[in-house]
Amino acid sequence: MITEYPLTKSNRIRLAQVFRNVPRVDISIECVLEDQMGFAYVDNAERASAYLIRIGPFHYFAGDVSGTGAQEMLKGFPPYNLFMSASAGWAEAFKDFYGERFVTIERYCFSSENLSLEHVAKLCQASKVAQEVKQMDVTLLERLKGKDHFIDVSDFESPSDFAERGIGFYFEKDGEVVGAAYSSLVYSMGIEVSLFVEEAYRRQGVATVLSANLIRWCLEHNMDAHWDAANPESCKLAEKLGYTSAGSYQAYYLKGQ
């Protein structure tokens, strides 16, 4: 039976050991290892052989894929969710079991090593909407709470928790938030960048200035701004901001029946 794995110190050490060689495609694994956000699951709390880390729809697997516990995790994987990375053999097992329902998605890695504070500061200042960019706060998040909105901070405990641990910037037009760049995940060394701009406001520099403000804040506070791209537009923006391409990787999406 798959059960939640309490994030005690000893259990987090064990998770760090079994996930040591699982590719880091974002910061989700680190978030759970630090008990910042997210959940861990095992097939047997006393004698675990299969491990799952989950944050929202994103899943990461480790351990023995041939055991009954791993097979239970495989069969219980919910549709419309993402398989992000795993130790050897897991992706192949999923492909064999789900066939064409298990769809390959190419995603793109970027290094933040060459980001420049001077460069992103110039991007912030050059935008025609520079003065209209605001920092996300409790008031904004309380206003959006319970609404179907692209700003999703559900992995934080509350709007106040986001205000304390997270960071974000937004652009508002006629009383409506039409774009935002913010930390969807956080851990001690940095954040995961999330960005969305409404269609009507794209290709006008809004995404650039929002992202640049977020990255500038991270550089000023010695925090890494991790960028994981899902499409060519995100790749182009990353390079404009000063990220360096680090290749691509395969993730997977499980379609419904």
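Values quoted throughout were computed directly from the atomic coordinates according to the rules given, and no laboratory measurement underlies them. Here the structure is a predicted model, which means the values were calculated and not measured. Neighbour counts are summed over all protein chains in view; Cβ atoms, including those assigned to glycine, are modelled from backbone coordinates with ideal geometry.
Helix 206-220 axis versus longest C-alpha principal axis of the chain: approximately 80°, rounded to the nearest ten.
The alpha-carbon of Lys145 sits under 23 angstrom from the alpha-carbons of these lysines, leaving out residues fewer than 8 places away in its chain: Lys134, Lys173.
Residues within the reach of a label modelled at Lys95 (point 7 angstrom out along Cα to beta-carbon, backbone nitrogen below 17 Å), restricted to the range 1-42, are 23. Relative contact order, whole percent, for the range 36-121 stands at 20, derived from Cα pairs under 8 Å and 6 or more residues apart.
Please report the relative contact order for the range 113-226, taking Cα pairs under 8 Å with a sequence separation of at least 6, and give it as a percent rounded to a whole number. Here the relative contact order equals 29 percent. Taking a straight Cα-Cα cut-off under 19 Å and skipping sequence neighbours fewer than 8 places away in the same chain, the aspartates and glutamates within cross-link reach of Lys75 are Glu4, Asp43, Asp64, Glu92, Asp96, Glu100.
Which of the lysines could a cross-linker span from Lys240 if the Cα-Cα distance has to be under 21 Å and same-chain partners fewer than 8 positions apart are dropped? The qualifying lysines are Lys122, Lys128.
Taking only Cα atoms and a 10 Å spring cutoff, compute GNM fluctuations for the chain and point out the largest among Gly146, Gly38, Gly190. For the chain, modelled as a Gaussian network with Cα springs under 10 Å, the answer is Gly146.
Taking only DSSP H segments of four or more residues, each worth -39500 (n - 2.57), what value at 222 nm results for the chain once the sum is divided by all its residues, to the nearest 500 deg cm²/dmol? Before the final figure, lay out the partial values.
Details: 9 runs with 82 residues, N = 257.
It lands at -9000 deg cm²/dmol.
Here the simple spin-label model places points 7 Å from the Cα toward Cβ, and for Ser66 and Val138 these points are separated by 5.5 nm. With both bridge residues required to lie in the range 16-128, what share of the DSSP beta bridges run antiparallel, to the nearest 5%? DSSP beta bridges in the range 16-128 are roughly 70 percent antiparallel. Relative to the longest principal axis of the Cα atoms of the chain, the long axis of helix 232-241 makes an angle of roughly 60 degrees.
The C-alpha atoms of the chain define a longest principal axis, and helix 117-126 lies at about 50 degrees to it. If one computes the Cα centroid of the range 1-26 and of the range 193-257, what distance in Å separates the two points? A separation of 27 Å, based on Cα centres. Equivalent-ellipsoid semi-axes for the range 113-226 (Cα gyration tensor, √(5λ), whole Å, largest first): 21, 19, 11. Ranked by the mean number of other Cβ atoms within 10 Å per residue, highest first, peptides 214-220, 228-234 order as 214-220, 228-234. Quick one: among Ile191, Ile13, Ile151, which has the greatest mean-square fluctuation in a GNM of the chain with alpha-carbon springs under 10 angstrom? Comparing Ile191, Ile13, Ile151 in a Gaussian network model of the chain, the most mobile one is Ile13.
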